[in-house]
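Step one of this worksheet: look at the structure below.
The values are calculated or read from the model by the stated rules, or taken from the named source; none is laboratory data. None of these values were measured; they are calculated from a predicted model. Neighbour counts run over all protein chains shown; Cβ positions are idealised from the backbone, glycine included. Heads up: the accessible areas ignore ligands, DNA and RNA and are worked out on the full protein's heavy atoms, side chains in. Shrake-Rupley method; radii C 1.70, N 1.55, O 1.52, S 1.80 Å.
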Amino acid sequence: MRRLRSSLLLLACAAVVAAVPAPRAVADKVADDDVGNYLLRMPDSWEFADVSHFADLGVVKAGERKLATLHDGTAGTGQGARLMLSVQDVGPKTAPGLPAEYEDWLKDWQLLEEQAKRVDEVSEDLHARIGAAYDKLDKALVTLAETPDVRRLVMSRWGRDPAAWPAYKVEGETRIAGLPAAKLIVEAPSGNLGGNDAPCVAVQFVFVLRKKLTRLAIWRWSTPKDREKLKDDVDMIELSFEVLKSEALSAKKPPPSAPADDGGEKGDKPESKREPVKDLAMGFEVVKPAKFKLKELDRSKESDRNVGFDMSAVDAGSDCIVELLVYRVGRAGTTAFDLDDWMKNLGTNFFNSHPEGPIELIPFPTNSEKTPFLSLPDVAKKKELKRPPPDDLKNGLSKADVERLGVVTEVKAAKVGGQRVKEAWRWGMRGNLARVGTDIQCQWTFTYDARTFVMRVTARKDGFEKYKADVAEIFKSFRILEEPK
């Protein structure tokens, strides 16, 4: 089967990525277990399900969302999504072929990552050792994930006979809960939640930690345009999944520091240089600051299809992510991006995903040549917002509600890189996340010619203050490229 290569994400970034700025549902269905070493969050629209029929697969939790009514008002015919979480002790039957030294390798990698966090500049030697340690883990996990016994959970939707299972893809170099993992992807028709054959997209994450094999499998039967936002639900579940104890079980001691790890050599690494990024197909060019890493994209994957760029920076648990999404505008003015849905989801989801502590609106400076449309908001002028009633949030705020709260504001006569744009709106809010702290999310959307652009910035802990100058550099360098004639 074909193996896809995805970018190597930072551990610290992945550990807090539960607050990514994409629209998604409320995460207030929670299950955790000290022995199983997991914390699973599901959107409020999901329900926990019986796991007794899947005891042989080690399933400890299951959940689903069955769509009774579709976005167009018609009755559902089994559309929805389902998840299963399996946790089993590592052994010859549960994890066939996994090297006995795997946990030692994982500990080695974790210690090297910690070592890198303690220095101002990571040496080439340490960088290479981290990469080699990760590659060894990645190869072992991909091999494990492709064994029939491990695939059996995600393939259970297609029966118990491996000969009847559909084709699959496997991605290495991925993470879940900040840990190295392999990801299986299956796209094939199967019986949906109503027992009707329907297109299905299934994923299964596989990782090993503290002598446990953990698999998280999710199946999704969406309508053609997914107006019910099942993909958002799946993203939230994947990205908010946690382990309660992340340290590998090994007697390994920290490796000795290389001479250059104490900052002895300050030469730029490839990822610590300013770098121009130009994409004619997506219609933009921009400069990546030295402190940011650029994610490698694979636009054959659904998750990367509309991503222009994804940059991130992490320091001592504080992080900042800057992303650009690009949507084509059709001949009749239609686009895969829905402005009304965007406006409604921003407010609703931010309130729901930050259930504790104050929610604050952070205003933007007045649009001018000195402070153009793509400018960061002024956190010092924050304004606390009164939480809407729970029933309003459960049903979703309307566009009028969001505009009344001032959650989104329109900017007239907006320019980006000196070019006049239309339908320019921006949004910025601050809240608090458990185990993370301050979470600031901002978005800008604008249309030029045949493309709608959405710029997103997410900063956690002290990330906003640490990287605001770098984000300002990204904004200042951003240019829209004309559509080829």
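Could you run through the stretch 226-265 and say how many residues are within 27 Å of H127 (Cα to Cα), open to solvent by 60 Å² or more (accessible area, probe 1.4 Å) and modelled with pLDDT of 90 or more?
Residues meeting the conditions: 2.
Considering only the stretch 392-415, state which residues are more than 15 Å from L374 (Cβ to Cβ) and small (G, A, S).
G396, S398, A400, G406
Within 26 Å of the chain's Cα centre (by Cα), open to solvent by 10 Å² or more (accessible area, probe 1.4 Å), on the phi > 0 side of the Ramachandran plot and not aliphatic (A, V, I, L, M), is that true of E173?
yes
Out of the residues in the stretch 367-395 that are in contact (Cβ under 8 Å) with a residue 60 or more places away in the chain and outside any loop (DSSP other than H, G, I, E, B), which is surrounded by the fewest Cβ atoms within 10 Å (Cβ to Cβ)?
Ranking the candidates gives K394 first.
State which residue pairs qualify: first residue on the phi < 0 side of the Ramachandran plot and of a type in the set (D, E) and inside the stretch 453-478, second residue buried (at least 19 other Cβ atoms within 10 Å of the Cβ) and not in a strand (DSSP E or B) in any location, beta carbons under 7 Å apart, and separation of 6 or more residues or different chains.
Listed by first residue and then by second, the contacts come to D470/P289; D470/K291; D470/F292; E473/P289.
Would you please list the contacts, defined by Cβ atoms under 6 Å and residues six or more apart or on different chains, that run from a residue in the stretch 203-216 that is within 17 Å of A81 (Cβ to Cβ) and open to solvent by 20 Å² or more (accessible area, probe 1.4 Å) to a residue that is at pLDDT 95 or above and not in a strand (DSSP E or B)?
Note: no pairs meet the criteria.
Just the residues that are of a type in the set (D, E) and either touching a Ser or Thr at 6+ places or on another chain (Cβ under 7 Å) or at pLDDT 85 or above (or both), please, taken from the stretch 104-123.
Selection gives D104, D108, E113, E114.
Starting from residues that are part of a helix (DSSP H, G or I) and among the acidic types (D, E), keep the ones in the stretch 109-156 and report whichever is most open to solvent (accessible area, probe 1.4 Å).
Looking at the filtered set, the residue picked out is E124.
When both residues are 6+ apart or on different chains and their Cβ atoms are under 8 Å apart, which pairs have a first residue that lies in the stretch 346-366 and is without any contact (Cβ under 8 Å) to a residue 24 or more places away in the chain, and a second that is part of a loop (DSSP other than H, G, I, E, B) and not small (G, A, S)?
Here the result reads P365/T371; P365/P377; P365/D378, each pair linking the stretch 346-366 to a residue that is part of a loop (DSSP other than H, G, I, E, B) and not small (G, A, S).
Being among the basic types (K, R) and over 28 Å from L213 (Cβ atoms) is the filter here; which residues of the stretch 118-147 pass it?
Within the stretch 118-147, just R118 meets the criteria.
Tell me whether the stretch 85-94 contains one or more residues that are open to solvent by less than 20 Å² (accessible area, probe 1.4 Å), closer than 30 Å to P224 by Cβ and within 27 Å of the chain's Cα centre (by Cα).
For the stretch 85-94, residues open to solvent by less than 20 Å² (accessible area, probe 1.4 Å), closer than 30 Å to P224 by Cβ and within 27 Å of the chain's Cα centre (by Cα): present.
List the number of the failed condition for K29; all other conditions in (1) of a type outside the set (D, E); (2) part of a strand (DSSP E or B); (3) free of Cβ contacts under 8 Å to residues at least 24 places away in the same chain; (4) open to solvent by 30 Å² or more (accessible area, probe 1.4 Å) hold.
So the condition that K29 fails would be (3).
Note down all Cβ pairs under 7 Å where the first residue falls in the stretch 310-332 and is hydroxyl-bearing (S, T, Y) and outside any strand (DSSP E or B), the second is open to solvent by less than 30 Å² (accessible area, probe 1.4 Å) and modelled with pLDDT of 85 or more, and they're at least six residues apart or on different chains.
none
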